[in-house]
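Step one of this worksheet: look at the structure below.
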Amino acid sequence: MDIGEYIQKVLDEQGRSQIWLADKLGIHDKTFSGKLKRNSITGEELLKVANLLSINLEELKGEI
C-alpha cells in the first residue's frame, strides 16, 4: 500500500471525501486527487493530513 491509498482508505473509513480534505488543506480538489494518485504529498502536507484525519504516523509507516 502506498501513501495515497492509505489516505484514501482512512477517508473512506471516516466517511470523508477527498474534496473535504483538499478544502481543509487549502488546495484544489483535482490537485489533491493528482497528488494522491502520484504519491507526491509533501512532508508538510502529510503532517497536516495526519492531524486532520488523526493518523498515527508510526502506524502509517508500518502500512506503507
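Scan segment 9-25 and give yes if some residue there is aromatic (Phe, Trp, Tyr) and surrounded by 15 or more Cβ atoms within 10 Å (Cβ to Cβ), otherwise no.
At the first step, the residues of segment 9-25 found to be aromatic (Phe, Trp, Tyr) are 20.
Cutting the leftovers down to surrounded by 15 or more Cβ atoms within 10 Å (Cβ to Cβ) gives us none.
Checked against the condition, which is being aromatic (Phe, Trp, Tyr) and surrounded by 15 or more Cβ atoms within 10 Å (Cβ to Cβ), segment 9-25 yields no hits at all.
In summary, Leu52 fulfils each of the numbered conditions (1) crowded, with 17+ Cβ neighbours inside 10 Å; (2) touching a residue at least 12 places away in the same chain (Cβ under 8 Å); (3) of a type in the set (A, V, I, L, M, F, W, C) with the single exception of condition (1). The one condition from (1) touching a residue at least 40 places away in the same chain (Cβ under 8 Å); (2) touching a helix residue (DSSP H, G or I) at 6+ places or on another chain (Cβ under 7 Å); (3) not aliphatic (A, V, I, L, M) that Lys24 does not meet is (1). Taking segment 52-64 as the range and being of a type in the set (A, V, I, L, M, F, W, C) and in a helix (DSSP H, G or I) as the test, the residues that pass are Leu52, Leu53, Leu57, Leu60.
The residue that is nearest to Lys9 (Cα to Cα), among those in segment 26-48 that are loosely packed, with under 13 Cβ neighbours inside 10 Å and among the hydroxyl-bearing types (Ser, Thr, Tyr), is Ser40. Looking at Lys35, Lys30, Lys61, just one residue is modelled with pLDDT under 90 and of a type in the set (Lys, Arg), and that residue is Lys61.
The values are calculated or read from the model by the stated rules, or taken from the named source; none is laboratory data. Predicted model only: the values in this text are computed from it and were never measured. As a convention, Cβ positions derive from the backbone with ideal geometry for all residues, glycine included, and neighbour counts pool all protein chains shown.
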